[in-house]
Amino acid sequence: MNSNVHQGHKARKRFGQNFLHDDYVIDQIVDAIYPTDDFVMVEIGPGLGALTGPVCERIKKLNVVELDRDLAARLASHPFLKDKLNIHQADAMKFDFTQLREPGKKLKIFGNLPYNISTQLMFHLFEFAADVEDMHFMLQKEVVNRLAAGPGSKTYGRLSVMAQYYCQVVPVLEVGPEAFKPAPKVDSAVVKLLPYATPPYPVSDIACLSRITADAFGKRRKTIRNSLSHLFSADQLSELGLDAGARPEQLTLAQYVTLANALAQRKE
Ligand code: SAM
């Protein structure tokens, strides 16, 4: 059989479809998610239901957000799953997760994400951190490394700073390509993201942190004196206790927050 065809469905590359078929890996992920009806459960990209099925064995209701119309329709007529699913045929990158709020319940979000959009999707999901208990995602291993990276590391970048502003980042499990059909060209990993009730280093305006990290890491090889010169003079950087000759990957989250709050104060 064509390796791109799984359970009678031809995998669509443009939707990042790599379906999980390794039961051991699936069990490990479902155990890590710890599904319960105490939370609003949400799956992004249920696909053919590799995680959806085992999760639904443990709970009464699951919201799923699936972009592929055919797969959403397949789930809607699935004999065992259809009564448990709230199917949202939608683009998760544009989806307003606050519409799933229920009184007294936070959201638990999980998914084996389409790798072609995973970074952008992370940034979208961070906006809902205040409504979320935790998130478990299968991602490219390289993206999990970036989410978890600290200053000084080659993989430390804007994604690391923004993720760690909102969440505690816990890598859970590494998964090889053979666990998927079709097999992706890269290694994968599962990560757990635990949003902080109160961020350890709060910013007064998140847009300022977003802008500063974009500008600083946008010119990764430049010193912050150069990449942030339109926002801060070298003197202002030293007044904030920062080395103007530092490169963006040398600054800690706390230092980015210092810069963001200084910028926000000036705007007030
Ligand atoms: N959960 C299934 C599994 O583990 O076998 C499928 C995972 S597959 C890597 C990614 C899934 O996300 C596919 O079902 C794909 O159609 C869906 N998808 C792709 N882009 C999406 C988007 N923007 N919003 C929601 N779902 C999307």
Just one of Lys94, Lys108 is part of a strand (DSSP E or B) and of a type outside the set (Ser, Thr, Tyr); which is it? Lys108
Which count do you get for residues in the stretch 99-130 that are more than 13 Å from the ligand (Cβ to nearest atom) and of a type outside the set (Lys, Arg)? 12
Would you say Pro195 is touching a helix residue (DSSP H, G or I) at 6+ places or on another chain (Cβ under 7 Å), at pLDDT 95 or above and not acidic (Asp, Glu)? yes
List the number of the failed condition for Asp96; all other conditions in (1) over 17 Å from Leu48 (Cα atoms); (2) within 14 Å of the ligand (Cβ to nearest atom); (3) touching a helix residue (DSSP H, G or I) at 6+ places or on another chain (Cβ under 7 Å) hold. (3)
Residue identified as out of contact with any strand residue (DSSP E or B) (no Cβ under 8 Å at 6 or more places or on another chain) and aliphatic (A, V, I, L, M) among Val144, Val172, Val161: Val161
Hey, among Tyr166, Tyr201, which residue is assigned by the TED database to the domain that holds Pro35, of a type in the set (Phe, Trp, Tyr), buried (at least 17 other Cβ atoms within 10 Å of the Cβ) and more than 14 Å from the ligand (Cβ to nearest atom)? Tyr166
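With the structure loaded, tell me whether Ala72 is of a type in the set (Gly, Ala, Ser), free of Cβ contacts under 8 Å to residues at least 60 places away in the same chain and either within 11 Å of the ligand (Cβ to nearest atom) or within 22 Å of Ala179 (Cβ to Cβ) (or both) or whether it fails that test.
yes
The values are calculated or read from the model by the stated rules, or taken from the named source; none is laboratory data. For clarity, every value in this text was computed on a predicted model and none was experimentally measured. All Cβ positions, even for glycine, are placed from backbone atoms using ideal geometry, and neighbour counts span all protein chains on display.
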